[in-house]
Amino acid sequence: MLIYSYALPVLMEYRLIAASAILALTYGLIFARGLVRRINVPIWLVMLIGAVLMVMLGVVSPSEAYASIDLQVLVFLFSLFTISSALEVSGFLTYVAHRLVSSSRKMSKLIGRVLVYSAVMSMFISNDGLSAAFTPILIESGRRARGVDVKPLLYALAFGVTIGSVAIPIGNPQNLLIALESGLPRPFITFIIYLMVPTAVNIAVTYLILLALFRNVAGDDIEVSAAEPRLKDPFLAKFALASLALMVIVLILSDILGINLNTPMVALLFAAAIYAVTPRRDEVLFNVDWQTLVFFAGLFIVSAGTVYSGILPILARYLPSPTSLVGIFASGLLVSQVISNVPMVAIYIPLMRSLGVGPGDVKDWLALAASSTIAGNLTIIGAASNIIISQASERRGGPGFSYLEFVKYGLPTTFANALVYFAFLKIM
């Protein structure tokens, strides 16, 4: 017993030191991408290495690592990635790319359309799934027209999917966690009532910010240089779109009628239907964004390391208490930059419960949703959707995001977005 009393503090100190070193290495490599030419390790691989080190060095045990992986989130994302993959394989995304560009004669108009379309669509498709689906459209747009600078379009997409996804529980994984685990009554209706108006305001504000940030290209003319493409598989495109629409309708109706459905399983049902009806199932499965699923699995384990090692409690001492709107917004914006927003919410839900935040504290839960989500506009690691866009672009020969460049554009955007959401929740 005496030996145990001495060994336990030593073990905790070791885990704290080891976890701190792993976090420094993991996020240091992510930070260095784009700054140091020789460091071009994919972000999903960096996170996977960090997860493996957490287990190998004993910060988390194998059983703790397995338990930390949220299968509900992974199943939900896999299902949405399947729908996105089907739309890409069918040729629908290429068709949309042409229509999007051909109807926009100026870069300013195209930036606005990308922002609005991605924001609206991300309310009903997970922002991660939409990022995976929409990035190829933008890369294809750059190939199909002259005068198109893809970089501002990628930022319009990144900011758009983040802002739009705030308003609906299924818009992103962290909203889904809050809707499932906070006990909020009628989460779909509640999110819409409190967050839809400030989301619309933020879309308009962000468009003005993007025009100012990219004023050197906003006035450029666009010239379409290719004939309108045809769908490769019209049936698959229609079936995937119908599956998406039906999934959203089922989830909204279940909320209105008070039917307790498992959201990830509903999404998986429609994904399975796509594989069942199309002979292109192998192509659809191969085209799923597996890298992002690996990134998420690694991220959950790395985040577990911050909990079991005691790093997060130490950080919490220097943050405002998450029992007031100011404290929740500060925590959501700052902690999401360290461990990304999904793990941040997964950790803060039980923390807020332990501090007395219950199902009736609607504004507190919605503040957590808004702040943790909008934190994704600050840095590249603030949201997984940023990683998805960067990786999907690089995989197709387009530009990626560097850490400092993203902060340069994200700082004014995040400040304005957070201010709008905070003000609306304060006066509601």
**Prompt:** For the chain, list the DSSP H helices whose alpha carbon atoms reach 24 Å or more along the long axis and whose average Kyte-Doolittle value is -0.5 or above?
**Reply:** 2-32, 71-89, 127-144, 187-213, 234-257, 290-308, 403-427
**Request:** Starting from the Cα-Cα distance between Ser103 and Ile17, subtract it from 0.36 nm times their residue separation and give me the gain in nm to one decimal.
**Result:** 25.4 nm
**Item:** Accessible area in square angstrom per residue, the chain, 1.4 angstrom probe
**Value:** 41
**Asked** Which value at 222 nm does the chain reach when only helices count, each DSSP H run of 4 or more adding -39,500 (n - 2.57), with the total divided by all residues and rounded to the nearest 500 deg cm²/dmol?
**Response** -24500 deg cm²/dmol
**Request:** Report in % the part of the accessible area of the range 177-319 that belongs to carbon and sulfur, leaving out ligands and nucleic acids; probe 1.4 Å.
**Result:** 67
**Prompt:** Which whole number in µm²/s is D for the chain by Stokes-Einstein, with the Kirkwood Rh taken over Cα pairs at 4 °C and 1.567 mPa s?
**Reply:** 59
**Asked** What's the percent breakdown of Cα-Cα distances in the range 101-142 across 10 Å bins, shortest bin first?
**Response** 28, 54, 18
**Item:** Dipole magnitude of the chain, debye to nearest 20 (Cβ charges: Lys/Arg +1, Asp/Glu -1, about Cα centre)
**Value:** 840
**Request:** First check a/c for the range 329-392, with a ≥ b ≥ c the square roots of the eigenvalues of its C-alpha gyration tensor; if it is under 1.5, answer rounded, and if not, answer prolate when a/b is larger than b/c or oblate otherwise.
**Result:** prolate
**Message:** Rounded to the nearest angstrom and ordered from largest down, what semi-axes does the equivalent ellipsoid of the range 236-394 get from its C-alpha gyration tensor (root of 5λ)?
**Reply:** 33, 21, 13
**Item:** R0 of 35 Å, Cβ-Cβ distance Leu261-Leu208: FRET efficiency to nearest 0.05
**Value:** 0.35
**Asked** Want the number for Asp221 to Glu283: 0.36 nm per residue separation, take away the alpha-carbon distance, what's left?
**Response** 18.7 nm
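The values are calculated or read from the model by the stated rules, or taken from the named source; none is laboratory data. None of these values were measured; they are calculated from a predicted model. Quick reminder, even Gly has a Cβ in these numbers, built from the backbone with ideal geometry, and neighbours come from all protein chains shown. Each accessible area value is taken on the protein alone, full model and side chains, heavy atoms only, with ligands, DNA and RNA left out. Shrake-Rupley method; radii C 1.70, N 1.55, O 1.52, S 1.80 Å.
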